[in-house]
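Nothing in this text is a laboratory measurement; each read-out follows from the coordinates by a stated rule. Note that this is a predicted model, so its numbers are computed, not measured. FYI the Cβ positions are ideal-geometry reconstructions off the backbone, even for glycines, and counts take in every protein chain you see.
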Amino acid sequence: MSYFLPHLTNGWQVDQAILSEEDRVVVIRFGRDWESTCMLMDETLYNVAEKTKNFAVYYLVDIDQVPDFNNMYELYDPCTVMFFFRNKHILVDLGTGNNNKISWAITNKQEMIDLVETVYRGARKGRGLVVSPKDYSTKYKY
């Protein structure tokens with residue numbers, strides 16, 4: 001599904017995507033198209049893109065092709081999703097301890113729509129940290 005979503009191929013394009021969007025949340029998936037986690041996440045993002053087009057825009061960035069942000073955003077996971085609004089990184093409290101990013105695949109479309117909508121509503125109010133509608137702290141049982 002990654003071929004349906006726009007790819008950003010250099011650091012300047014990533015910066016412009018974040019800077020130029022005034023009214024919508026910019027959702028960027030950092031990773032590699034061939035990773036299985038990214039494939040699952042890309043499918044979910046593609047499926048929700050049309051439903052959330054009024055308040056969110058989605059981009060994909062290959063971390064091998066564009067290594068500019070790997071250290072800045074600590075992109076060590078196979079797949080990472082981050083949210084930006086009006087040139088500001090929006091943190092999301094998912095209950096996992098890492099509020100900067102989502103580092104697993106969300107396969108439920110409604111879950112993703114709810115998450116993006118929560119980020120949008122919080123960011124519009126000027127909040128830099130929003131609380132996820134679902135707690136992911138119990139997702140992995142050891």
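Any residue that is surrounded by fewer than 19 Cβ atoms within 10 Å (Cβ to Cβ), of a type in the set (G, A, S) and in contact with an Asp or Glu (Cβ under 6 Å, 6 or more places away or on another chain) - is there at least one of those in region 75-95? Yes, region 75-95 contains a residue that is surrounded by fewer than 19 Cβ atoms within 10 Å (Cβ to Cβ), of a type in the set (G, A, S) and in contact with an Asp or Glu (Cβ under 6 Å, 6 or more places away or on another chain). Screening R127, R121 for residues that are in a loop (DSSP other than H, G, I, E, B) and more than 23 Å from Y3 (Cβ to Cβ) leaves exactly one candidate, R127.
Within the set V119, V66, V57, the sole residue that is closer than 16 Å to E22 by Cα and out of contact with any Lys or Arg (no Cβ under 7 Å at 6 or more places or on another chain) turns out to be V119. Of the residues making up region 19-60, those that are under 22 Å from P78 (Cα atoms) and in contact with a strand residue (DSSP E or B) (Cβ under 7 Å, 6 or more places away or on another chain) number 19.
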